[in-house]
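Scroll down for the structure; my scribbles are underneath it.
The values are calculated or read from the model by the stated rules, or taken from the named source; none is laboratory data. Keep in mind that this is a model prediction, so the values were computed, not measured. Cβ: placed from backbone, ideal geometry, glycine included. Neighbour counts: every protein chain shown. Accessible surface areas use protein heavy atoms only, side chains included; no ligands, DNA or RNA. Shrake-Rupley method; radii C 1.70, N 1.55, O 1.52, S 1.80 Å.
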Amino acid sequence: MSIGSPARTGASETAPQAPDRRWRLPDMRIPHSGLILMLILVVALASFQTDSFLTTTNLLNVLRQVSAGAVIAAGLTLLMTAGGMDFSMGSVVAVTTAVAAQLIAHDQPVWLAIVVSMAVATVLGLVNGLVVTFTKVAPFVVTLATATLLDGVFLVILEGLSVSVGAELSELGNGTTLGVPNLLVVAVIVLAATAFVMRYTVFGRDAFAIGGNEDVARLSGINVVRAKLVLYGLAGALSGLAGIMLLSRLAGSSPGTAGLPMQLTAVAAVVIGGTSLHGGRGTVVGTTLGVLLLGVVANVLNLLQISSYYHLISVGAVLLIAAVANQLHNRRK
Amino acid sequence: MTSTMLDSITGVGGPSPEAVIRVRDVTKSFGGAAALKNVSLDVHAGEVHALMGMNGAGKSTLVKILSGAHNPDLGHIEVADRVQTQLTPRRARRLGISTVPQRRELVMSLTVAENIMLGDLPNRRSVVRWRSVADEARAALDGLGISIDVGHIAGDLTVAEQTMVEVAREVRRGGRVLILDEPTACLGADAAEQIRALVRRLRDGGVAVVYISHHIDEVLGIADRITVLRDGAVVRSGVTGDIDERGLVRDMAGRDVVSERPQRAAASRDVGLAVRDLSHGRSIDGFHVEVRKGEIVAVLGPAGDAQSRLFDLLSGRRRPDRGALCVDGRPVPLGSVSRALGSGLRCVTGDRRSLGLIPDLSIDENLLLAQDRLAGRRLHRSSALARRAAPLRDDYRVVSLAKNPPVGRLSGGNQQKVLLAKWLGTRPAACFLEDPTNGVDVAAMADIHTLIDALAREGVAVLLASSSAEEVMRLADRVIVVRGGRMVAEHEINGITRDELVATVLGGELS
Ligand SMILES: Nc1ncnc2c1ncn2[C@@H]1O[C@H](COP(=O)(O)OP(=O)(O)OP(=O)(O)O)[C@@H](O)[C@H]1O
Ligand SMILES: [Mg+2]
């Protein structure tokens, strides 16, 4: 819930008789203020430690790197708000890169590669949705299974080798529009569109209703099955888009691209952003901040040439701190 | 909040030697608006102390303060002559304060036995002794004259049974204060009487009971002392003998409230809602009814009987074994929510928490949840939403401290009003209402009754499931009595008195 009541007069401050000795976070009337604070801290720390952080090149580079992740995080925010979950998005990204890379490497036109691989991604998302809605198996289980399965399919498609696409997609991957990296433009459009859908369309509000209480949503005339299928299909389609973005940035697909690790980062970003794992609550702004925070942390560790072992440690630590902060924030309200 | 408030400590009733709990000048605000203002009262051992007041008056907030769930902003409470500053639920429990909150708190996936013994499972070296669990739980229920199989899963019980289990759990844990927040709100006459008998027994044993109810005769019959809250402040506190019904209503509502059966024109001859041979397992068998347009037909039975299953079957949530449904003369397939909605039938659940409202969404959004979907809207703007929701809020007198908070933060009665407004605002062709005044105050009850009258006057066929004979007498044109899943009697309301009706429900007479 991001709507803080402006009229909070802080009754407890005027209460000498009932001192509340429990430890409290600073008053957070601004939504996501904890997250913003953390982001500022990390940025400040990074700029002190290394000069190369606060340069335009580096910052644009960070943004390019997080763009694909931001796109799947956007889809995941919508899905998780509706009480769903998809652990296979990172793996769908991987499969997309492999399918597109193979097609391009086999001299198919680029547009065809994009259309086919994104169609595949959408179908994969729909399959998740069909299994989840019609078998009623927990989405967590279904999509963890498909994630593992698709990671294998990915290796099969690549035959275990790296496949390069040369400069075919470099306009998307390296080009800029008015100085802004094209990848970033795509990510911003997707995030903005998702935010719009969640706030201003009945479909988006359906997601909140379904996540809040599925029975009530159904009884209120919401077509829950259709909504869920659309949401999972959308998750697949956005994974496809992220796959193309990633392929264009890396100029090829190789074992180790995307997959479960990418998914876990996306889940972390969404959860850090305050989206509820139980559904019913979520904001794109929070997710965006989560993506940025994780991206900046990774970048800083890189610049400081800290071993990649610490990368995992820091992502885990950030996730834990943010999750605890969210919880304390919610309890205060 | 200056010293003037603190000066008025002498307050209500005066300190009494045997008061187990003293509440002194308690003030509690949520987000700047006060839910309790300077409240003082004493709870005595061996007395039933009733709290009364309109929806949102602050009764449950006071209960939460007594049970340690909230801390007061100002003022304090004394338990056993000691000032308690940092009361927590644990500490309250240790001090002997047991609470059955308004919102039922059973672990729905565990058995009745485990729920009763929760936190206190008999064990030998940490290994649970299941036989003792069942035995002790059974003993706790038997002691209260409740017959529920302790092996049942709590979630499968009816709301009435869940209430009984929760009371049994608190009574078993013992203590000198028992707080019951609307224990009889969803119970039928017989179950409610059981609860009251139990309360009397405990009181005679020296327990202090804090009892909340919106039913005035119930309170006048059971309470030794009554405190009335209005807008968070105490407006009256005294022994029961000094207060009559009219005065009580005026204290609570700030005005007189009259709710009388209006003269309604005879219903039209067209059947608006017809149910034939509806059967589902053992819970309902061969139920049939024809409700004409503009007619209100009540289905009355013990809480948890056939009438509670009707919602699931008519709304399309569950498919019955057998049966047919006609709305406005057109057959409607059973077991499909969208077909039921499409036919113009509106079913209002009696279980607003799990089937009625979405607690995290705002009041306005809940009010228009169904209407917007039925109208096929695509875009959603919160300013337009507020404008369209405003008349509903006014008609149903939804009161909230903040402007548009999540509906879960409203008091229970106000949530009920939102639920009714959500459905009755969608121009129904026929209506099924389950316990529509569950937990609402006297004034709101009168309002809701008037709204249901109006619904019938507009020519809507209304089927009303109820466990309250009073409500049936007030609203219905015709009543069907069910027991054990079967229809046992049908009466025109003019041809029967309230007492005869109650006797029929209890099984005194089969006709
Ligand atoms: N956690 C909360 N946050 C914000 N407002 C709250 C909260 N709890 C209660 N309120 C508000 O405080 C007021 C008093 O609520 P309370 O639940 O005590 O009423 P009540 O007398 O028990 O009413 P009812 O008879 O409907 O149960 C209401 O206006 C309610 O909206
Ligand atoms: Mg209450």
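Points worth noting:
- Taking the Cα centre of chain A as reference, the dipole from Cβ charges on Lys and Arg (+1) and Asp and Glu (-1) amounts to some 1180 debye.
- Overall dimensions of the stretch B:188-290 by Cα: Rg and Dmax, Å: 20.9, 59
- Candidate aspartates and glutamates for bridging to residue A:136, where Cα separation is under 17 Å - those fewer than 8 sequence places away on the same chain excluded: A:86, A:214, A:215
- Peptide A:207-219 - average C-beta neighbours from other chains (10 Å radius): 6
- For chain A, the longest principal axis of the alpha carbon atoms and the long axis of helix A:182-200 meet at an angle near 50°.
- Distance-filtered residues of the stretch B:59-94 - backbone nitrogen under 19 Å, label point 7 angstrom along residue B:397 Cα→Cβ: B:59-60
- log₁₀ of I(q)/I(0) at q = 0.14, 0.16 Å⁻¹ - the stretch B:367-511, Debye sum with one point per alpha carbon: -0.76, -0.92
- Remark: the stretch B:187-310 carries a charge dipole of roughly 200 debye about the Cα centre, counting +1 on each Lys and Arg Cβ and -1 on each Asp and Glu Cβ.
- What you get for chain B, charging only the Cβ of Lys and Arg (+1) and of Asp and Glu (-1), is a dipole of about 1860 debye around the Cα centre.
- Of the residues B:439, B:278, B:32, the one whose Cα sits farthest towards the positive end of the charge dipole of chain B is B:32 (charges of +1 on Lys and Arg Cβ, -1 on Asp and Glu Cβ, taken about the Cα centre).
- Rg and Dmax over the alpha-carbon atoms of the stretch B:271-507 stand at 17.4, 54 Å.
- 31 Å Cα-Cα threshold exceeded, pairs from B:64/B:417; A:228/B:293; B:37/B:403; B:293/B:403: A:228/B:293; B:293/B:403
- Most to least packed among A:40-48, A:306-314 [average Cβ atoms within 10 Å]: A:40-48, A:306-314
- Chain pair A, B: total accessible area buried, heavy atoms, 1.4 Å probe, Å²: 2800 Å²
- For B:74-86, mean number of other protein chain Cβ atoms within 10 Å: 2
- Hull-based mean projected area of chain A, where the convex hull spans the alpha carbons, in square nanometres: 19.7 nm²
- Amide H contacts of residue B:229 (H built 1.01 Å from N, in plane; Pro and chain starts excluded): B:52, B:53, B:235 sit under 5 Å, all sequence-distant by 5 or more or on other chains.
- Cβ-derived FRET efficiency at R0 45 Å, residue A:51 paired with residue B:108, nearest 0.05: 0.15
- In nm, spacing of pseudo-spin labels at residue A:36 and residue A:226 (7 Å Cα→C-beta vector): 3.9 nm
- Across q = 0.06, 0.08, 0.11 Å⁻¹, the protein assembly as shown modelled as identical point scatterers on its alpha-carbon atoms has Debye log10 I(q)/I(0) values of -0.48, -0.82, -1.31, in the order of the q list.
- Over every Cα atom in chain B, the radius of gyration and the widest Cα-Cα span, Dmax, amount to 23.4, 72 Å.
- Straight-line reach from residue B:59: taking Cα to Cα under 13 Å and skipping same-chain neighbours fewer than 8 places apart, the aspartates and glutamates in range are B:181, B:182, B:231, B:441.
- Relative to the dominant Cα principal axis of chain A, helix A:110-135 is inclined by about 50°.
- Using a probe of 1.4 angstrom and keeping all protein chains present, the accessible surface of chain B works out to 42 square angstrom per residue.
- Average other protein chain Cβ within 10 Å of Cβ, residues B:23-32: 4
- Using the Cβ-Cβ distance between residue B:388 and residue A:306 with R0 set to 60 Å, the FRET efficiency works out to roughly 0.60.
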